[in-house]
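Values quoted throughout were computed directly from the atomic coordinates according to the rules given, and no laboratory measurement underlies them. Please read these numbers as outputs of a predicted model, since none were measured by experiment. Cβ atoms come from the backbone with ideal geometry, glycine included; neighbour counts cover every protein chain shown.
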Amino acid sequence: MLFLAKMLCVSEFLCNFAQKFVNMAEVQEKWTTEIRPKDKLLSVDFREIWRYRDLMMLFVKRNIITQYKQTILGPLWFVIQPLMTTVMYMVVFGGIAKISTDGLPQPLFYLAGISFWQYFADCLTKTSNTFVSNAGIFGKVYFPRLVTPLSDVISNLVRFGIQFALFLVVYLYYAIFTDANIQPNLYALLLPILVVMLAGLALGFGILFSSMTTKYRDLQLLLSFFVSLWMYATPVIYPLSTITNEKLRIVMQLNPLTGIVEFFKYGMLGVGNHEWWMLGYSFGFMVVLLAIGIIVFNKVQKSFMDTV
């Protein structure tokens, strides 16, 4: 009996010691980060995205470096591509098709449209591959998935800045050394807002397409064709004033990019449609599109690894 009593005391002592050890471990263990699934489809944790800003900048740097890493001319392609495109437009649309440029010099008119359109098209194309092209990273480590498409939008600002600088060089040449009818006005101050709206539209369409391509890869093939057709539905190579058919003109104005491009041309060149309802429509379209894109994006990111 004495032996059994001693054994009970020892076992009780061991249990108490183990319990105290567990309690101490629980007290000392403090979590710095807790990853939880998003309960609300429209929720965006901006604080979390801000905490991962260093990672976003690394993605931005990666996108800029790898794009022309093994090319001879490197970043010069940012200038060569719009110049070659402008020359082609001058020959085909200005020379052969005789499409009006509202009395403006053709290089200046085409560069104005190309700089804006190219930024939108690049952002849309790259963000539309977010899940497919980054599946390897997403499957290994956690970070806010919106960091990736946001980094694509930011990195393309470098290309837009270079092309816009090229536009300004041509702009100053015609403004100083020629008698071109260029009439800049205060609407040019809307440039930062117009660029943000372009980025918002590209991001909204991009994450929406990216979410759908996880199951339907055909959309990747259709997107490049769709973007090419979309350019001709946007007043990039022609002014909106050349559309005389009223019904067709209304359809063109329903394009959310039309108001943005036209306001930019009017502010910098003095030629273009600058009805405020068009810009308001583009802004409202962007807000609704981003909301829908985020809802679909948040829903797909929970289970996309099963389908990619």
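What the table shows:
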item	result
Ranked by how many other beta carbons lie within 10 Å on average, peptides 252-262, 236-246 from highest	252-262, 236-246
Segment 256-295 versus segment 144-213: alpha-carbon centroid distance in Å	13 Å
Additional length obtainable on full extension of the chain from F46 to N245, 0.36 nm per residue less Cα span	67.1 nm
Efficiency of FRET from Cβ geometry, A233 and M84, R₀ 25 Å, rounded to 0.05	0.65
